[in-house]
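Below: one structure, written as structure tokens.
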Amino acid sequence: MDPSLNPIETSWARCRNLGIDCNSNPGFETLPPDALNRLQQEHASLIQATEDEALPYFDNMLQNTQCLVVLADPDGVILQTWHPMDQPSAAFAGIRPGHIWNEASAGTNAIGTSLATGQAVHVRGDQHYLKAHHQLTGSATPVFDAEGQLAGVLNLCSTTKMSGDYTLGMVKLLSHGIENRLIFQTYQGNFHILKINTSASSLDSSWAGLLVLDKTGNVLASNRRAATILGERQARTSLQQIFSIDLDGLTAIANNRPASLTANGNYQVLGQVMLPEQPQPSQEERQKDAADIPDDVLALEDLEHGDSRVRRLVAQARKMMEKDIPILVFGETGSGKEILVRSLHYHSSRAPGPLIAVNCAAIPAELAESQLFGYEKGAFTGAHTKGYVGLIRQADGGTLFLDEIGEMPLALQSRLLRVLQQRVVTPLGSTEDFPVDIKLISATNRNLRDDIQKGHFRQDLYYRITGLNVELPALRERTDVRELVRFVHQRLLATEPGPALSDSMLDLLVRHPWPGNVRQLVHILRVGMAMADGELLQEDHLPDDFFTDTSRPGNLTTEPLEELIPRLYRANGGNVARTARAAGVSRNTVYKYVRPAGTD
């Protein structure tokens with residue numbers, strides 16, 4: 001945004017252009033409970049990082065204040081709020097999870113205006129466009145994830161006469177701390193992290209610059225403070241280019257102790273490197289390990305091809321594989337949940353053990369108990385004379401993958417709960433307990449919280465299977481569709497020679513809505529490649545159901561994104577989520593094209 005423009009004045013102009021009546025009472029657009037639950041699960045890491053960063057301030061700097069810490073997603077949907085007092089002010093009644101506070105819904109306000117401008121803003125009482133909000137004062141700033149993508153917006157809202165400089169400084173401090181926590185969540189333990197600052201006493205503060213380094217010294221990720229200290233371009237290069245030192249040299253002088261480093265050849269900073277929890281394997285070790293991995297298991301780096309959301313969840317799940325913490329994977333049918341689980345298992349310390357996959361929807365209800373828990377010989381009519389060990393005990397020493405766990409019968413859920421609580425299995429017809437050592441991964445395409453409310457899923461079991469919750473985005477929501485199509489095509493060519501992909505065919509596949517996700521993509525390419533006789537895959541080689549999916553208007557538009565997205569953004573009243581769905585792109589792509597228009 002042009003710094004010469006007043007953000008409040010330009011926001012009021014946007015509100016007038018949207019036809020908002022400043023005298024109207026806010027009719028907050030609100031997400032349904034199930035949609036809010038999904039959104040909170042998607043942003044669980046961000047919510048946890050914000051809570052961990054904000055709550056300590058309630059004991060000192062925010063004590064006895066009528067303020068509210070508010071976290072919203074990139075569309076202005078409030079994800080969570082925190083208040084230092086037992087009873088928040090009635091003025092905060094409209095600021096609750098699920099309410100939408102973008103400018104189109106709530107006029108000029110700290111959350112919506114920070115999102116529209118992409119910068120930190122302070123909005124005091126009568127600067128709010130809606131008179132109904134004049135009793136509020138707010139300071140908000142964008143929050144970015146470990147890959148530098150917009151993760152949400154943090155707001156410190158108050159009904160008291162707190163100084164704007166104070167609240168704006170506080171919210172900036174909190175946002176830096178949150179961003180640092182997100183980087184540590186994603187990378188700590190697997191990569192070197194270099195902390196830099198202008199003084200040694202600030203290396204452990206929220207104002208420290210962070211550089212995440214791979215084993216060659218290249219910068220994988222950095223925070224905003226590092227970009228401020230080193231420059232935007234330098235913060236994304238390498239140790240050698242920035243400090244004229246390699247990773248071994250840095251580790252020798254700055255391993256858990258501050259050392260002076262010369263940045264860009266002309267100024268000094270203090271640096272301290274944090275080592276990975278375990279040494280990263282050498283190329284030879286990785287090749288040896290790969291020899292024991294089945295051919296159909298993807299390398300973890302092949303699970304994403306440029307989508308930061310998938311990269312983050314893979315990094316988090318990989319770390320959790322070495323902890324005694326269950327993983328719950330959400331995702332639409334065909335989005336690749338089993339592919340993810342297989343990759344996680346075979347690239348973990350449990351790879352020598354078995355991976356037992358159980359489709360909870362496919363086992364007949366009357367056989368489910370005996371299949372899961374096993375039985376003694378003669379336990380029931382028709383039982384095998386030698387008995388049966390059961391799927392859970394088969395997973396001992398390895399990974400138990402419970403797919404479609406939301407379909408598990410209630411009676412079975414109570415027995416599973418006991419196994420997870422006590423880590424023992426009692427077969428049918430037996431009084432003997434058998435201890436089991438399992439890594440539990442569950443998956444579902446259902447909203448389990450909604451199932452709990454309906455009485456279809458046990459709440460106590462839900463909290464036993466949730467530890468790290470990750471959500472695989474639908475194929476149509478991924479930002480790496482083009483690269484993923486190329487990858488799948490090359491994988492299929494490796495098994496059987498076939499036709500090449502032309503640029504026009506690649507464009508057609510990229511624009512497809514893919515209701516069946518990655519599974520449908522593999523199917524379509526297999527059929528098309530089998531049908532093709534020539535050197536290129538043509539449209540008439542694709543099955544008819546492919547074109548049934550694309551029969552809806554707008555799916556195959558050739559309108560350039562720089563024209564399409566601003567048009568849809570205006571048509572959807574500035575709602576980023578609806579614009580992204582209408583254009584078939586990610587929300588970050590929408591921000592790329594509408595931010596300039598939203599700041600004039």
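The values are calculated or read from the model by the stated rules, or taken from the named source; none is laboratory data. Treat the numbers as computed from the prediction; the structure is a model and nothing was measured. Here the Cβ positions follow ideal geometry from the backbone for every residue, glycine too, while neighbour counts run over all protein chains shown. Note: areas computed on protein heavy atoms with side chains; ligands, DNA, RNA excluded. Shrake-Rupley method; radii C 1.70, N 1.55, O 1.52, S 1.80 Å.
Toward the positive end of the charge dipole of the chain, with +1 on the Cβ of Lys and Arg and -1 on the Cβ of Asp and Glu, the farthest Cα among 196, 219, 367 is that of 196. A viscosity of 0.890 mPa s and a temperature of 25 °C, combined with the Kirkwood radius over C-alpha pairs in the Stokes-Einstein formula, give the range 476-550 a diffusion coefficient of 199 µm²/s. How large a share of the accessible area of the range 295-473, in percent, is made up of carbon and sulfur atoms when the probe is 1.4 Å and the other protein chains stay in place? About 46 percent, which is the carbon plus sulfur part of the accessible surface. Taking 7 Å steps out from each Cα toward its Cβ at residue 199 and residue 386 produces label points 7.3 nm apart. Other residues lying with their Cβ under 14 Å from the Cβ of residue 97 contribute a combined charge of -3, Lys and Arg counting +1, Asp and Glu -1. Taking Lys and Arg as +1 and Asp and Glu as -1, the other residues whose beta-carbon sits under 10 Å from that of residue 183 total -2. With contacts taken as Cα pairs under 8 Å at a separation of at least 6 residues, the range 7-185 carries a relative contact order of 24 percent. Based on alpha carbons, the Rg and Dmax found for the range 317-447 are 14.8, 45 Å. With a cut-off of 17 Å on the backbone N, the residues of the range 314-338 near the modelled label site 7 Å out from residue 301 along Cα-Cβ are 314-316, 318-319. A straight chain from residue 414 to residue 35 at 0.36 nm per residue would run longer than the Cα-Cα distance by 133.7 nm. Considering helices alone, the calculated mean residue ellipticity of the chain at 222 nm is -11000 deg cm²/dmol, with DSSP H runs of length four and up weighted by -39500 (n - 2.57) and normalised per residue.
Could you work out the relative contact order of the range 438-532? I mean the mean sequence separation of Cα pairs under 8 Å and 6+ apart, divided by the number of residues, in percent.
28
In this Cβ point-charge picture (+1 for Lys and Arg, -1 for Asp and Glu), the chain has a dipole of about 1200 debye about its Cα centre. Once both labels are positioned 7 Å from their Cα atoms along Cα-to-Cβ, the gap between residue 494 and residue 48 label points is 3.2 nm. For the set 396, 204, solvent exposure ranked by accessible area (probe 1.4 Å, protein chains only) runs largest to smallest as 204, 396.
What accessible area, in Å² to the nearest ten, does a 1.4 Å probe give for residue 267? Per-residue accessible area (residue 267): approximately 70 Å².
Split the accessible area of the range 167-274 by element, probe 1.4 Å, and carbon with sulfur accounts for 48%. Sites count as exposed loop sites when they are GluC sites (Glu not before Pro), lie in a DSSP loop, and have at most 12 other Cβ atoms within 10 angstrom; the longest stretch of the chain without one is 1-231. A value for volume of the Cα convex hull per residue in Å³ was derived from the coordinates, and within the list [x] 140; [y] 198; [z] 215 it appears as [y]. For the residue pairs 319/439; 386/439; 172/215; 195/215; 131/172; 195/319, the alpha carbons lie more than 24 Å apart in 386/439; 172/215; 131/172. Magnitude of the charge dipole for the range 476-550, about its Cα centre and with charges confined to Cβ atoms of Lys, Arg (+1) and Asp, Glu (-1), is about 380 debye. In square angstrom, rounded to the nearest 10, how much accessible surface does residue 12 have for a 1.4 Å probe? Rounded to the nearest 10, that gives 70 Å². Taking the DSSP beta bridges with both ends in the chain, the antiparallel portion is around 70 percent.
Please work out the average accessible area per residue across the range 295-473, using the 1.4 Å probe convention, and give it in Å².
On the way: 7880 Å² over 179 residues.
Value for the range 295-473: 44 Å² per residue.
Would you mind checking the range 478-497 for residues with the amide N under 17 Å from a putative spin-label position 7 Å along Cα→C-beta of residue 535? So the set is 497.
Judged by the mean number of other Cβ atoms found within 10 Å, the most tightly packed of the peptides 138-144, 312-318 leads the ranking 138-144, 312-318. Around the Cα centre of the range 408-505, unit charges on the Cβ atoms of Lys, Arg, Asp and Glu (plus for the first two, minus for the last two) sum to a dipole of about 220 debye. If the chain linking residue 248 and residue 6 were pulled fully straight, counting 0.36 nm for each residue of separation and taking away their Cα-Cα distance, it would gain 82.3 nm.
Our estimate of slack between residue 237 and residue 432, defined as 0.36 nm per intervening residue step minus the Cα-Cα distance, is 64.3 nm. As a length-normalised measure over Cα pairs under 8 Å and 6 or more apart, the relative contact order of the chain settles at 11 percent. Taking the charge dipole of the chain about its Cα centre, with +1 at Lys and Arg Cβ atoms and -1 at Asp and Glu Cβ atoms, the residue from 37, 505, 208 reaching farthest to the positive side is 208.
Accessible surface computed residue by residue for the range 7-185, with neighbouring protein chains in place and a 1.4 Å probe, gives 37 Å² per residue. Taking 7 Å steps out from each Cα toward its Cβ at residue 359 and residue 371 produces label points 0.9 nm apart. Farthest towards the positive end of the charge dipole of the chain, among the residues 267, 488, 330, is the Cα of 267, using unit charges on the Cβ of Lys, Arg, Asp and Glu.
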